[in-house]
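J.: Handing you this structure, nothing more for now.
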Amino acid sequence: MIIFGTRGITSTVESNQFNCPQCRTKRDGSLKNVSTFFTLYFIPLIPMGSRGKYVECHSCGGNFAEEVWQYDPDQEHAETMQKMLRVMIMAALADEEVDRFERAEIKKQYMELTGLPVADSTLDQEIKMAVESQVTLSRFVGGMVDGLSGHGRALVLKLAYHVMSAAGEMTPSQDRALDQLADTLGIQKVQLMELIKHFQESQHEELA
């Protein structure tokens, strides 16, 4: 009697440190690959392809999707802060120019957000890129909105509002841009007015 079939064989592709989602810190782990083999008398003989890869933590024993292996929270944070800088620049360009008040507000908000100053040369380059791209604020945010939490959406609106109102009363084009931004973020008109009121109260407290 001939006994044949298939079975999965797990092998280690690579071992290294990674950011374990369960331990919430760097841990030693392995990137594993599961391959299907044709077996004869339970002996794996012929590889039939890969079923996929996963990550195993050596500390907690958890198994995670392959994408976790390359995840770098520091890099993700830096990329997020760069996007927030671009949000502010595009908010400033809602009236087609970045004035000195908006520029100063961008620097202030970026410092509060990251604890780091933004160089004038970096700001100039980002403004130049934003002008050349001709991408509107709402369109830019539309490309990242699905990855934003409720807090992240409120932060985007806060940064845009503070920059747009840096010189005082907002222009009609800025009002329209803010309304469009709120729509993109899924923030209803009533919520928008409440958030703006909160932002204004915070501004008054800072000046008091």
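J.: Given the criteria surrounded by 14 or more Cβ atoms within 10 Å (Cβ to Cβ), part of a helix (DSSP H, G or I), modelled with pLDDT under 95 and β-branched (Val, Ile, Thr), does residue 127 qualify?
T.: No; evaluated as a whole, the condition is false for this residue.
J.: Can you name the residue in the range 153-208 that is closer than 16 Å to residue 96 by Cα and among the small types (Gly, Ala, Ser) and, of all such residues, is nearest to the chain's Cα centre (by Cα)?
T.: This residue is 160.
J.: Going through the range 121-153 one residue at a time, which ones are in contact with a helix residue (DSSP H, G or I) (Cβ under 9 Å, 6 or more places away or on another chain) and of a type in the set (D, E, K, R)?
T.: Matches in the range 121-153: 126, 139, 153.
J.: If I go through the range 26-52 residue by residue, how many of them are closer than 15 Å to residue 14 by Cβ, crowded, with 16+ Cβ neighbours inside 10 Å and out of contact with any Cys (no Cβ under 9 Å at 6 or more places or on another chain)?
T.: Counting residues in the range 26-52 that are closer than 15 Å to residue 14 by Cβ, crowded, with 16+ Cβ neighbours inside 10 Å and out of contact with any Cys (no Cβ under 9 Å at 6 or more places or on another chain) gives 3.
J.: Tell me which residues, restricted to the range 140-175, are without any contact (Cβ under 8 Å) to a residue 24 or more places away in the chain and charged (D, E, K, R).
T.: 146, 169, 175
J.: Exactly one of (1) part of a loop (DSSP other than H, G, I, E, B); (2) more than 21 Å from residue 158 (Cβ to Cβ) is unmet by residue 122. Its number?
T.: Result: residue 122 fails condition (1) only.
J.: Taking residue 141 and the conditions (1) assigned to a loop (DSSP other than H, G, I, E, B); (2) under 17 Å from the mean Cα position of the chain (by Cα), which numbered condition does it fall short on, given that it satisfies the others?
T.: Evaluating residue 141 over (1) assigned to a loop (DSSP other than H, G, I, E, B); (2) under 17 Å from the mean Cα position of the chain (by Cα) leaves (1) as the failure.
J.: Could you give me the residue pairs with C-beta distances under 8 Å whose first residue belongs to the range 66-84 and is free of Cβ contacts under 8 Å to residues at least 40 places away in the same chain, whose second residue is of a type in the set (Ser, Thr, Tyr) and outside any helix (DSSP H, G or I) wherever it lies, and which are 6+ apart or on separate chains?
T.: 66/54
J.: Given (1) without any contact (Cβ under 8 Å) to a residue 24 or more places away in the chain; (2) among the charged types (D, E, K, R); (3) closer than 19 Å to residue 106 by Cα, where does residue 194 come up short, assuming only one miss?
T.: (3)
Condition check ((1) crowded, with 17+ Cβ neighbours inside 10 Å; (2) closer than 16 Å to residue 87 by Cα; (3) charged (D, E, K, R)) across all residues:
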residue	(1), (2), (3)
147	no, yes, no
156	yes, yes, no
169	no, no, yes
174	yes, yes, no
179	no, yes, yes
194	no, no, yes
202	no, no, no
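The values are calculated or read from the model by the stated rules, or taken from the named source; none is laboratory data. Just so it is clear, the model here is predicted, and its values are computed rather than measured. Because the Cβ atoms are built from the backbone with ideal geometry, glycine has one as well, and the counts that use them run over all protein chains shown.
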